[in-house]
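Where a number appears in this text, it was derived from the coordinates with a stated rule and is not lab data. Since the structure is predicted, the reported quantities are computational estimates derived from the model, not experimental observations. Here the Cβ positions follow ideal geometry from the backbone for every residue, glycine too, while neighbour counts run over all protein chains shown.
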Amino acid sequence: MSRSRFFAAAYQRVRAALDSLLVADLHQVRRYLLEPDLRREVMSRGVMVAAN
């Protein structure tokens, strides 16, 4: 993703920051996919937000 045309200009300016943000986001996605308790908690929050 960091080398896609969409991110190219910003990526060249702030390469280290974007790389660390991408890694952090991927870490959160991995936890969501691998930890059923976390996924249930997140889904319950989504239902509560949608109801309000």
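Each other residue within a Cβ distance under 13 Å of VAL29 adds +1 if Lys or Arg and -1 if Asp or Glu, for a net charge of +1.
What the phi angles of region 14-29 give under the Karplus curve with 6.51, -1.76 and 1.60, with θ = phi - 60°, is a coupling list of 10, 3, 5, 5, 5, 4, 5, 5, 4, 4, 5, 4, 5, 4, 5, 4 Hz, glycine and proline written as x.
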